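Trainee: The structure's right below; bear with me while I get my questions together.
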Amino acid sequence: MSKYLLEPILNSELVLVNNAKKLKENPDLLNEKYLDEIEEIREKLYELEQSTEKKLQKVKRELRDRLRDISYVTYTNRDTNLFGYMITQIADKIITRPQFNNYTFKDEMKSLGIQYVLLYTHKFDPYRQSEITGQYASAFAYISTIMFNAYIATINKHHKEQEKAKEDFMETRKLIHRDPNCSTIGPDFEDAKRRIQLPNLDMQENSLLKIMKSTTINEATEFWIPENYKISNKEMDFVMKYVHNISIRRIKS
């Protein structure tokens, strides 16, 4: 694991980022006396992480607790992009999950995820404990959850946009009832001067298509067809091609 994705180090950095925001609002909070110790403990924890000796677990716990405590009271304006690097690493890690593999807008997902993390860091409480396990809040779990939800939100947004586009497309193709006596496919011309009546239209599929293709259409034209004539997909496509010229209407008996 990367040194900067180690839970105690990530936890510490998240707390320092939150404290830096508070420091901007109240400069009197400045307290940098533990900065060197914070860096020393981080290095020790990373070294111990490589060890599997059980006797070192107590030492690790003590160092984690100390790091959390001194980070919590440290307020610094140090210029660092460390936290940005950390959450970028997490964003890259989560985006490799199988449920996100097939999306082409991964950069948008990661961008929103990072934005959400930076927006909601202030809600992280390092001393919050689980009522079940008694363990302290995990910065990695906190950030990962925000990131994951942002990815899902991006996917849902794209799905809604696709559904809206599909609905808009289908709306132009379906029969839209505009008055009790007729229904229309294509634009509803209020002042169409050209009306072609086809009361005896052959009921065979695409019969209307043959007539429309053989008709010169240079102006708004309404084709009036029998109520029970079934309009085919090819006829719908033809109408959409000439959407500004053709309207198919049927009289109900």
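Trainee: Quick one: Lys210 ticks every box in (1) outside any helix (DSSP H, G or I); (2) free of Cβ contacts under 8 Å to residues at least 12 places away in the same chain bar one, so which box is it?
Mentor: (1)
Trainee: Could you please give the count of residues in region 61-81 that are of a type in the set (Lys, Arg), in a helix (DSSP H, G or I) and either in contact with an Asp or Glu (Cβ under 6 Å, 6 or more places away or on another chain) or in contact (Cβ under 8 Å) with a residue 12 or more places away in the chain (or both)?
Mentor: The initial filter retains those residues of region 61-81 that are of a type in the set (Lys, Arg), namely 61, 64, 66, 68, 78.
The next check asks that each one be in a helix (DSSP H, G or I); those that pass are 61, 64, 66, 68.
With the extra rule that they be either in contact with an Asp or Glu (Cβ under 6 Å, 6 or more places away or on another chain) or in contact (Cβ under 8 Å) with a residue 12 or more places away in the chain (or both), the set shrinks to 64, 66, 68.
So the answer is 3.
Trainee: Looking at Gln162, Gln135, Gln129, which one is in the same structural domain as Glu47 (by TED's automatic domain parsing), at pLDDT below 95, within 17 Å of the chain's Cα centre (by Cα) and not acidic (Asp, Glu)? Walk me through how you get there before you give the answer.
Mentor: Numbers: Gln135 fails: within 17 Å of the chain's Cα centre (by Cα); Gln129 fails: within 17 Å of the chain's Cα centre (by Cα).
Among Gln162, Gln135, Gln129, only Gln162 is in the same structural domain as Glu47 (by TED's automatic domain parsing), at pLDDT below 95, within 17 Å of the chain's Cα centre (by Cα) and not acidic (Asp, Glu).
Trainee: So which residues in region 56-70 are surrounded by 15 or more Cβ atoms within 10 Å (Cβ to Cβ), more than 38 Å from the chain's Cα centre (by Cα) and under 10 Å from Leu45 (Cα atoms)? It would help to see each step written out before you state the result.
Mentor: As a first pass, look at region 56-70 and keep what is surrounded by 15 or more Cβ atoms within 10 Å (Cβ to Cβ): 60, 63-64, 66-68, 70.
Going one step further and asking which of them are more than 38 Å from the chain's Cα centre (by Cα), we end up with 60, 63, 66.
Hits for region 56-70 are Lys60, Leu63.
Trainee: Further question: Determine whether region 207-228 contains at least one residue that is over 30 Å from Tyr116 (Cα atoms), modelled with pLDDT under 85 and of a type in the set (A, V, I, L, M, F, W, C).
Mentor: no
Trainee: Pull up region 34-60, narrow it to residues that are outside any helix (DSSP H, G or I) and without any contact (Cβ under 8 Å) to a residue 40 or more places away in the chain, then point me to the one that is nearest to Arg78 (Cα to Cα). Even if it seems obvious, please write down each step before you answer.
Mentor: Within region 34-60, the subset outside any helix (DSSP H, G or I) is 34, 50-53.
Now drop any that are not without any contact (Cβ under 8 Å) to a residue 40 or more places away in the chain, which leaves 50-53.
Values: Gln50: 29, Ser51: 31, Thr52: 34, Glu53: 35 Å.
The selected residue is Gln50.
The values are calculated or read from the model by the stated rules, or taken from the named source; none is laboratory data. It should be emphasised that the depicted structure is a prediction, and the values quoted were computed from it without experimental measurement. Note: ideal-geometry Cβ built from the backbone for every residue, glycine included; neighbour counts use all protein chains shown.
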